[in-house]
Structures are given as C-alpha cells and as structure tokens.
Amino acid sequence: MTANKRLLVLPGDGIGPEVMREVRRVIDWMDHRRHVSFAIDEGLVGGAAIDALGSPCPDVTVEAAMASDAVLFGSVGGPKWDSLPFDKRPELGILRLRQDLGLFANLRPAKVMDALLDASSLKPDLVRGLDIMIVRESTGGIYFGEPRGIEIMADGSRRGIDTEVYTEQEIARVARVAFDLARRRTGKMTSVEKANVMQSGRLWRAVVSEVGAAEYPDVTLSHMYADNCAMQLASRPKQFDVVLGSNLFGDLLSDLAAALTGSLGMLPSATLGAPDASGRRRALYEPIHGSAPDIAGKGVANPCAQMLSFAMLLRLSFGMEEDAALIEKAVENVLAGGLRTADIMQPGRARVGTTVMGEAVVRELDKLAA
Ligand code: NAD
C-alpha cells in the first residue's frame, strides 16, 4: 500500500512525547486494521529543538511542515528554558509554525462526553450533549494591529495603544472556514462582534453577512454581540453550534467554552490555513493543554486530547469522517467503562496512567471495528 498521507509529528517537550506515543499506537492500529497508511516524519520543536539545534523552530522543521499534508503537534515549554530571553523561548516554535504556514483559523471544539458530565462548571442538564465549535481568527486583529505600544505623552505620563484592524479579505476567509464547518454540522452559525460600538465590528458583521448570502444560503446565520455571547455560553450553551469571532473575542470565548467541559486533558484543537488549488488546506492539530512540567515524566498525563487532535486531523485534513468518529467513540467508551487519568478522576472510578489509557483506547478500537 502506498502511503499518500504525509504527517509531520512534533512531540515537543514535557508530556508532549508521552501523549504522542499513545497516538502512535492508534496510527499503528490504523495501518494494520484499516488499510490506511501514513508516511510519518518526526521533527523537533520547542525546548527539544533548542537543545539539539539551537532554535525553537529550526528551518528543517518548517521545511518538513511545508512538505507535509498535516502537522500533529504536542506541546512546548518548561522550566529548563524559562530563563531564556523572550525571543529565544520554546513557545516561539508554535508561533513561527503558525506564521510560516499561514494558519489563520483556530478551531476549538467544546464537547461534553456523558461520562464527564460532572466535570463541567455548569449543571449537568445545561451541558448534557453539548457540542460546539469556536472558530477564532488567529493572525489578525488587535494582537497584531498597528499602531501599538506604550508611548510617553507631552506631560510625561504613559499611554498604551493597541489597534483592532481587519480587512474584508481577512474576515471573509475565516468566515468561509466557519460556514464550511457549519454546513458539515447542524447548518447553524453565530458570528460575534461588537458592531454596536466598534467600526471593525460593523465591517465584520457586514462581510460575514455578504459571504453567507452569496455562498452559503443553506447555513442559518445569526449575529450576536460578544458580551451577550459570553453570557449565553455560560447560561444556555446548547443554543450554539459554530461560533465565529475575531482573534480577541475568539480567544476569550474559546476559553469560556473550554471551562464548560471542565477537562484540559480532553480538548483538541486545529489551526487551518488557506486552501491550495486542490482544495487542501495547510493545518496543524494540537491539544489545548501545554507541556505540564509538573507531571512530565511521571506517566500520568491524559493522552485523550492528543488522540482527539489526531481524530480532528483525520476529519478535517483527509475527510476521514468514519475513522475520526471511531476514535472519538473509542475514547468515550473507555471513559464510560470507568477508566480515568488523574486529571479527570472521579470517586468510584479506576485511576490509570498514560499507557494504560492509550492501550485501552486501542482495545476499544478493536472491539468497535470487529
Ligand atoms: P499546562 O496546560 O501545561 O498545565 C496546566 C495544568 O493542567 C497542570 O497542572 C498540568 O499538570 C495539567 N495538565 C495539562 N495537560 C494535562 C494532561 N494532558 N493530563 C493531565 N494533566 C494535564 O499549562 P501551564 O502549566 O500554564 O504551562 C506549562 C508550560 O506549557 C509553559 O511553558 C507554557 O508556556 C507551555 N504551554 C504550551 C502550549 C503549547 O505548546 N501550545 C500551550 C500552553 C502552555
């Protein structure tokens, strides 16, 4: 069988390599059982790359990412590199990859599995079956807009400046990502901004409406002010499916949505770029958690977020919906069966480490595919 799916795997630092090892089990399982073959390249990023090659994101890693169909990223950072100057830190590894690959749409699902209902900050009834997707524009807006800085005024006092700026092209391209997702899901999308008080918000609302009317008449679009959206997410989250926001609002709302699920070790994410001539987008998939230095090397990290990131990769980069759903179901069944890593431990459940959790998911895949 020819391997026509090129993956770059970047385990990174801390628990990154530990949880990535469990994903490799799933990939091996797919190779053997599902007759899908991946050409896998493994590279260095973050502190591991600083130690070996003197840079958090060496050119060789960027070149390998460019040559791949998708990047599966672990996590970077740790106390060993904390004293390095800001422009040499491991965290720059992910920033350079996002920039060089032109990844502008950050996708963060917030899904509540029945087995983990109690981990939510909300009452079980409010979040049972919750499945929402926050799409955040991630290369523009106020985090990058000029002018920015802290200046000294004529009277000697200081003034801090950031600029929220969006072109209609930047808004339209991320809106298309959100509309495409909504079309594959329930056909419902909510776009958030502050069109009542911000000019960039007025443009955001207008452009999203135009793209929707011209290209996605089948998707039901609604608009909501970002502050109201935060309140609605915390009180009636199930009214949402796909939620689209700017870099700033998407950042805040995706963290809020993550809190509804209550478990950092369970949440995957994707960041997508523009489609090429064949329709394929550059993409990077990673858990939302960091390198967890406090538990690194102890064999107790939860590998589920990394496994679910791989499921997202299969769905969004390769259109392998059935395989993605199989992995998600396997994770869900293992949790329903009572196994828990320490971060999601509940009374009466069986506490297991990273490897046992990974092996259990593969065994469940065997059962589901039988
Ligand atoms: P973190 O996400 O690494 O850890 C926060 C807490 O959650 C810790 O107590 C940790 O043990 C726990 N945790 C996280 N993932 C877990 C998992 N899979 N299983 C069980 N427990 C888990 O955030 P932090 O402590 O703020 O940051 C640690 C380092 O990671 C820092 O150097 C930071 O810069 C870096 N970081 C990297 C990324 C990334 O690589 N994209 C993201 C966030 C933070």
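Data for the structure
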{"read-out": "FRET efficiency, 1/(1 + (r/R0)^6) with R0 56 Å, evaluated for residue 188 and residue 298 via beta carbons", "value": "0.85"}
{"read-out": "Distant alpha-carbon pairs in segment 321-370 (separation over 18 angstrom), percent", "value": "28"}
{"read-out": "Alpha-carbon spread of segment 112-252, three principal axes, descending order, Å", "value": "59, 40, 24"}
{"read-out": "Computed log₁₀ I(q)/I(0) - Debye formula, equal Cα scatterers, no solvent, segment 36-81, q 0.25, 0.31 Å⁻¹", "value": "-0.93, -1.20"}
{"read-out": "Segment residue 121-residue 59, length gained on full extension (0.36 nm per residue, minus Cα span)", "value": "18.1 nm"}
{"read-out": "Between segment 254-319 and segment 26-41, the Cα center-to-center distance that results, in Å", "value": "19"}
{"read-out": "Accessible-area value, residue 317, 1.4 Å probe, nucleic acids and ligands omitted, Å²", "value": "20"}
{"read-out": "Cα convex hull of segment 1-95, projected area averaged across orientations, nm²", "value": "6.1"}
{"read-out": "Share of Cα-Cα pairs in segment 197-258 lying beyond 12 Å, as whole percent", "value": "71"}
{"read-out": "Debye intensity ratio in log₁₀ form over the Cα atoms of segment 1-48, taken at each q of 0.25, 0.28 Å⁻¹", "value": "-0.92, -1.04"}
{"read-out": "Percentage relative contact order, the chain, counting C-alpha pairs under 8 Å, at least six apart", "value": "20"}
{"read-out": "Alpha-carbon Rg with Dmax, taken over the chain, Å", "value": "20.8, 76"}
{"read-out": "Difference of contour (0.36 nm per residue) and Cα-Cα distance, residue 114 to residue 356", "value": "85.0 nm"}
{"read-out": "Gaussian network model of the chain, Cα within-10 Å springs - most flexible of 53, 92, 253", "value": "53"}
{"read-out": "Residue 346 paired with residue 131, simple spin-label distance in nm, labels 7 Å along Cα-to-beta-carbon", "value": "1.9"}
{"read-out": "Extension gain from residue 321 to residue 236, taking 0.36 nm per residue of separation minus the Cα-Cα distance", "value": "27.8 nm"}
{"read-out": "Percentage, to the nearest whole number, of Cα pairs in segment 97-162 over 19 Å apart", "value": "61"}
{"read-out": "Efficiency of FRET between residue 34 and residue 154 - r from beta-carbon atoms, R0 51 angstrom, step 0.05", "value": "0.15"}
{"read-out": "Calculated over segment 246-294: convex hull of Cα atoms, volume per residue (Å³)", "value": "105"}
{"read-out": "Pairwise Lys count, the chain - Cα closer than 19 Å, eight or more residues apart or different chains", "value": "9"}
{"read-out": "Diffusion constant of segment 251-370 at 10 °C, which comes from Stokes-Einstein with the Kirkwood Cα-pair radius and 1.306 mPa s, µm²/s", "value": "103"}
{"read-out": "Sequence-distant residues sharing a close amide H with residue 300 (under 5 Å, placed H)", "value": "354"}
{"read-out": "Segment 1-57 - percent relative contact order, Cα under 8 Å, separation 6 or more", "value": "46"}
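The values are calculated or read from the model by the stated rules, or taken from the named source; none is laboratory data. Keep in mind that what you see is a predicted model, and the values were worked out from it rather than measured. With ideal geometry, Cβ positions are generated from the backbone for all residues, glycine too; neighbour counts draw on all protein chains shown. Accessible surface is based on the protein model in full, side chains and every heavy atom, while ligands, DNA and RNA are left aside. Shrake-Rupley method; radii C 1.70, N 1.55, O 1.52, S 1.80 Å.
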